Structures are given as C-alpha cells and as structure tokens.
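Rule-based calculations on the coordinates, nothing more; no lab input. This one's a predicted model, so the numbers in the text were calculated from it and none came from an experiment. Here the Cβ is made from the backbone with ideal geometry for all residues, glycine too, and neighbour counts use every protein chain on show.
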Amino acid sequence: MNDKRLLLGDEAIALGAINAGLSGVYAYPGTPSTEITEFIQNDPLAKARSIHSKWSTNEKTAMEEALGMSYMGKRSLVCMKHVGMNVAADAFVNSAMTGTNGGLIVVAADDPSMHSSQNEQDSRFYGKFAMIPILEPSSQQEAYDMMSYGFDYSERHRTPVLMRMVTRMAHSRAVVVAEEPREQNPMSFPANPNDWVLMPAVARRRNQELIKLNEQFLSDAETSPFNKLTSGKDRSMGIIACGIAYNYLMELYPDGCPYSVIKLSQYPIPTGLVKELASASDRILVLEDGQPFVEEAVRGILPTPVPVIGRLSGDLPRTGELTPDNIRPALNLAPIETFDPCPLVVPRPPALCQGCGHRDMYAALNEVLAEYEHPRVFSDIGCYTLGFLPPYRAIHSVVDMGASITMAKGASDAGQHPSVAVIGDSTFTHSGMTGLLDAVNENSNITVVISDNLTTGMTGGQDSAGTGRFESICKGLGVAEEHVRVVVPLPKNMEEMKDIIRQEINHNGVSVIIPRRECIQTARRHAKKQ
Amino acid sequence: MQTDIILSGVGGQGILSIATIIGATAITEGLYIKQAEVHGMSQRGGDVQSNLRISSNPINSDLIPTGCADIIISLEPMEALRYLPYLKRDGWVITSTSPFVNIPNYPEPDKLKEALEALPRHVAIDVDTLAKEAASPRAANIVLLGAASPFLGLPEAQIENAIRNIFARKGEQVVEMNIKAFRAGLEYAKGHARTKPA
C-alpha cells in the first residue's frame, strides 16, 4: 500500500511515527509543533492502537513520560516548540546518559524570525550539548521517512534522537507517500537496567560510553541516506545547505547548481564530507536556518585555509529565517525586478478577539491600577500577552512560561506594590504552581490573576491540565481560602471585578483572582457541534 | 505548468479554504504542490498569508521568491497590496474590495482603490455583495476563488469537482450554493479583468 497524502510537515512526522510503530506521543502545545500531537489524537490507526496522545502538563513532564515508555521497550515521541527544550532540558540531556530501550525521538520545532515566539534559539545546540544525533528534514517526505529511520537508529544504539525542524517545514504542506504501518513493540524491560540509575559511579561510566558512541554517530552521519555531497564544476565556492535551506538553494538553480554542495540533514556534522568539500572549493558558504551552528564549527577560531562565509561573516543576515531571496546576494545572483512596496500598507498586528474574557479582565485591572502611583503588572505567555498592545497597554513584562508569578514575587521582595501577576490557566499549571508556592511560603504581597478561559487558547484550543480545579490547587498550595476569588469577566460585572481586584491588591499577602469564562473560539466550536 | 499563488487576508477570513480547494484540484490533475501556511499568534485578527505553489515539475522551496508570484488572491484590499513585491511584473491581483478595518490607521479607501486600479493586471471584486446576491454571504471566499480561477492554469470543471467533494458532507444545498458562488465570481472576472501595459 503506497498511500499518498497532502500533509503539513508536522502531520508527516505524526504519520511517520504512527506507521513506525509508535506507542505514545507526549507534548505540550506550542507553535509550530502543536499539529503533530493533534494529528495523532485524530488518526484512526492511532485510536485503534490506543496510542497515548493526551497533552502533558509541560515539556519536562512530557519528556520524562516518554522516557518511561522507552524504558518499557516501546517507541515514544516527544514534541515541543524550541523554547520548550529549555523546560525539558534536565530530562532531555540526562536521557542521553541513561540511553533508551524502546526508540525515543524528541522533535523540537524552531521558530526563526519569531513568528510566534520570544527568541530564535537553535535546538541543534541542545543535540550537540547532549551528545546525541540530530535529524533535520529538508522536505515533508524526509520528515516522514526520518521517523522510522530515527526509531530504528535509537533502538540500535540505545540513544535518544533529536529531530530539529523549523516553522516553514512544520507549517507547509506537500504530498507524502506513506508505507504500510509496522507493528508496535511488545513491552520489555531494559537489558542494561543499571544504566538507568544515574548515580555518579554509573554516570561516569555512561559518560565514557556516550563519548565512545559519538564516534559511531559521526561515521553514520558521513554515510547517512539524508546527507549527500554533490560535485559541481565551479570550484570558486562550495556550499553546505542544512535542512530546509537546501530547497532555497535548489530553487535558485532550476537547471542545477554549478557549485559542489553538501545537503546536510543528519548530525553530528560529517567532518569527512566537509573536508572533501573544502578540498574542492576556494571558499565555503554555509546556508542554515537559525543560529550559525555549522558555520561556527567549520570556521573555528583561528584562520582556516578555506574561508567560511555565512551568517557570522555578514554574507547572510545574522538573524531571521532564510528565504530564497536573502540567500541570493551570497550566491552572487542578480536581484529580481519587483514592484515597489505600496506606501499605503500599514502593519496589522494580532489582537485579542472581540468578546474575549481577557479583554474584560484587562479593562477592570487597568481601571483599578490607575488608582495607584506606580503599579507593575508581570505577565506571561499566552493570548493575554496581547494586553501589551493598545488599547490596554496593561503589562510590563513577558519572559517565559510561569515568570509572571515569580517575577511579581521578586519585585515585591524588592519593595514594589502593587505587584500583580497575570497568567493564563494552562500556563499556570505548566510552570506557575511552583512559583505560587514560593510566594505562599513567604507570604509575599502579590496579587495573582489566573485568567481562566478553560483552554490552551493561543495554540488553537487544546485541553488545559487544571480545568475545574484551580481553586483547590491554589488552596492546596496554601493560599488562604478567602483570598481565592472567582469572577465572570463580562462588561456587566465590571464593578464587581473592580471591587474584588481592589480588595485583593490591598490585602497584604498572596491573593489569587480567577476571572473565568470560556474562550470565545472554543465556545463557538462547541456551539457548532451541538 | 507552474503557478505560484499568494493568498492573503485577515486572520479568520478563510483564505485556507481557498487553498484547500486549489490544492485538491492540483492533486487530481497529478501536479506537485507545496503550501506554506500561517498558524499561531498572528491568526488573532492579524494579517495572514499562504504561499501556494502548483507545478508539473517537483517544487523546491516552500516559499515563493519575491517577484515570482503569478497571482495574488486576497480577501482584503490592503492585504493584497502588502504582498506586491512578491508579484511578477506581469502577474495578476485578484482581490476583494471590502476593507476589513480593525486598526485605527487604516488607509483611506479611495486611495486604496486608486492603488489597486493602477496595477497593470487586476480583478477588483465586491465579493460580499456578489456572494449575497448569488448564493450566501458565507460564500464570499468561493466567489473570490471563482474570480481567480481563469488565472490558475487549472480546468474550471475540475475546480468545481473539488468544491463538490469538499462540501459534500455538508449536504447538496451547501454544495450548490458554493457552485453558484464560484460561477458568479468566474463570470465577473471574465467581464472585469483589467489589463494595461506594465
């Protein structure tokens, strides 16, 4: 059966994993990775096989749950956006130390140009840091094929495998040819049970083994079916094109590229291929999306006999995603004649939906805070981040998942009042609960607004881990019952909301206010279903 | 053949359903396809676009280079103009004329109209009114698809088949409504396509 389907890069990964005998996907929603897990949640074969696909509370719990499934001999997949790697990092790096039993692939979806993110970090550094192989697909078909390859590889060498991709691959569709699904693995305990107990004596041995294994990873990258050195006639330049950058390069040479090219989709960087390219080229151009990971490695610190150019040298933009346009100058291609940008066009930034509960929450909060001289509002990651923009201009910080509560506490420690945190329901369970415990333990003078829309809104309305239990979670962490306040954020309740906010700001200690009303996007969807 | 299409609009207007129908038609025709979409934060009332490429040969880049798009199909007039640098010098702009005003500094509608009419090859169409008259206000995006269909390099009958297949599960009435909308757009484009020397 050769099944042809038009799939997003994310969906190709999902289908590839299912057909490679997946037993569980573990993930927290995050653009541009969300659609991988959503595809598995809706796939008939995944349902028939009872493949685990419920959302995890955050990326660290996801990574650890997947490692537990790997321990039991089954194939598991972990998916997250690039900044999720920071949350999962402890478990991720140490999974290289334990090694795997069932195949384990970690997908990190990077977001160069920051379409939906707060930074441009390149997950390949995490793969190198953990000393494990990295796959970087150049097409949707390759993304599909790499799942079966990656799981086999993971089991053969008892190593987790990192797949790194970028927004343009995750959210672009192409036809993918799928194969017959493989059976799932039976349950089995690891053959080397002691490897999983990372006490120093074991860890020292495992570290040596992992370093030794890296020689194997390198020689496999030299001969990988996903890496390819093509010779060209013109030796004035040689090109290393990583992942999706290979497509942009080929786009500009429809009749074939005159230069020698390494298509690079499996790491560690194949040093043999790079040396071969260098011997056939007067200089090397590195095309890579994200940070200059390969360019730095190939160039080193001291001058090399073959000059290396790319993002570091200024021949390519230092930041932002690569495009067929911005690589042209580095290839000495003439600019294309275009229409001039139309001067009438103005930016149209995203905004909170009309009728959204976050709007009413910010409207009430702004009115009350106007009564104080220097209020500060520390916010968090979610739709309500848009409260920074007009008309609300309500927040003073957005840093990472959960930082609202802890930064409000730190500011309060420094003497700030009112010190307000605004966090969403899903972000609160992801990384806000531990910070709230810190605040309770010191009776910090902060006001925490958990703006509860019963869903993970910004990524499209996925289940939220704490729905229906926020009052009991807050009380369980030690917030006094009379300072856990619930209100329905609607214009008609404005006076009630303002009274509650004012009372709790004036309470000297930890307060939690929960404005609760369903996200209007999910409410509309629920209404349609009925 | 190769047709590179930029679809644009405001989050929630429904550019992706246009892409789905063109994509399904291209696959029936045995063509290669790549379609880069926008998901996530910018969908909340912000500007959205999709790069759709169909070709009889394998396609490399998911993104259309500047100056290379054959058509811009837009559900909003200012959003059509946003992507002008991507359009070929002899490319077509097919756009709805109804402004979607959700920002305080939206340009004056008359100036927008002037800028659109200055384009060498364009179809400016009041899809909302046409959809209301011909079918249903909900079919505005299918009217626009109809207006774009002469320029796609795809047989119009096959596009109609794709519409039938995609709306089939919603019932015959919805299918017929969308076919009517499609034909209304197509007829309009035949009578109102404007060309002048570039």
Fill in the blank from the handout: Projected area averaged over all directions for the convex hull of the alpha carbon atoms of region B:117-186, nm², comes out at 4.7
Completion exercise
Between A:Asn493 and B:Glu108, the two model label points (7 Å from Cα along the beta-carbon direction) sit apart by a distance in nm of 4.6
Completion exercise
Expected sort for B:158-169, A:14-25 on mean C-beta neighbours within 10 Å, highest first, is A:14-25, B:158-169
Problem - chain A pair-distance distribution - Cα-Cα, 20 Å bins, rounded % - result: 21, 47, 29, 3
Problem - Other protein chain Cβ atoms within 10 Å, averaged over every residue that makes up B:95-108 - result: 2
Handout entry: Per-residue average of Cβ from other chains inside 10 Å of A:216-225
Key = 0
Problem - Cα long-axis angle, helix A:403-413 against chain A (0 to 90 degrees, to the nearest 10) - result: 50
Handout entry: Expected 222 nm ellipticity per residue - DSSP helices of 4 or more, -39500 (n - 2.57), all of the protein assembly as shown, to 500
Key = -11000 deg cm²/dmol
Completion exercise
Proxy exposure order for A:Asp145, B:Asp90 (fewest C-beta within 10 Å first) is B:Asp90, A:Asp145
Practice task
Give A:Lys233/A:Lys263; A:Lys128/A:Lys275; A:Lys492/B:Lys170; B:Lys34/B:Lys196; A:Lys128/A:Lys212 a once-over and call out the pairs whose C-alpha atoms are over 26 Å from each other.
Solution key: A:Lys492/B:Lys170; B:Lys34/B:Lys196
Completion exercise
Under the Karplus relation with 6.51, -1.76 and 1.60 and θ = phi - 60°, whole-Hz ³J(HN,Hα) for region A:365-380, x at Gly and Pro, equal 4, 4, 5, 5, 5, 5, 7, 10, 6, 10, x, 10, 10, 9, 10, 8
Handout entry: Burial ordering of A:Leu104, A:Leu389, A:Leu352, fewest other beta-carbon atoms within 10 Å first
Key = A:Leu389, A:Leu352, A:Leu104
Practice task
Based on other C-beta atoms within 10 Å, arrange A:Met146, B:Met1, B:Met177 from fewest to most.
Solution key: B:Met1, B:Met177, A:Met146
Practice task
With only Lys, Arg, Asp and Glu charged, each at its Cβ (+1 for the first two, -1 for the last two), find how big the charge dipole of region A:3-222 is about the Cα centre; round to the nearest 20 debye.
Solution key: 440
Completion exercise
Place a point 7 Å from the Cα of A:Val202 in the direction of its beta carbon; the residues of region A:64-91 whose amide N falls under 19 Å from it are A:64-74, A:90-91
Fill in the blank from the handout: The relative contact order of region B:1-120, taking Cα pairs under 8 Å that sit 6 or more residues apart, comes to a percentage of 28
Problem - DSSP bridge pairs, the protein assembly as shown: antiparallel proportion in percent, nearest 5 - result: 35
Completion exercise
Within 10 Å of the Cβ of an average residue in A:247-254, the count of other chain Cβ atoms is 4
Practice task
Run down the aspartates and glutamates and flag those whose C-alpha is under 12 Å from the C-alpha of A:Lys60, throwing out any fewer than 8 positions away in its chain.
Solution key: A:Asp90
Problem - In degrees, nearest ten, helix A:494-506 long axis to first principal axis of chain A (Cα) - result: 90
Problem - Net length gained if the chain between A:Lys212 and A:Met114 were fully extended (0.36 nm per residue, minus Cα distance) - result: 31.6 nm
Problem - Size of electric dipole in region B:2-195: Cβ of Lys, Arg +1 and of Asp, Glu -1, about Cα centre, debye, nearest 20 - result: 200
Completion exercise
So, relative contact order of chain A in percent, Cα under 8 Å, 6 or more apart, is 11
Fill in the blank from the handout: Computed for region A:357-526: size of charge dipole around the Cα centre, +1 on C-beta of each Lys and Arg, -1 on C-beta of each Asp and Glu, debye to nearest 20, value 460
Fill in the blank from the handout: Kirkwood Rh over alpha-carbon pairs of chain B plugged into Stokes-Einstein at 10 °C, 1.306 mPa s gives a D in µm²/s of 95
Handout entry: 12 Å beta-carbon shell around B:Val10, net charge (K/R +1, D/E -1)
Key = 0
Problem - Percent RCO, i.e. relative contact order, over region A:3-222, from Cα pairs under 8 Å lying at least 6 residues apart - result: 29
Handout entry: Degrees separating the helix A:59-71 axis from the principal Cα axis of chain A, which is the longest one
Key = 50
Problem - Hz values of 3J(HN,Hα) by residue in region B:160-168 - Karplus curve (6.51, -1.76, 1.60), Gly and Pro given as x - result: 4, 4, 5, 4, 4, 5, 6, 8, 3
Handout entry: Cα centroid separation - region B:104-167 against region A:109-169, whole Å
Key = 40
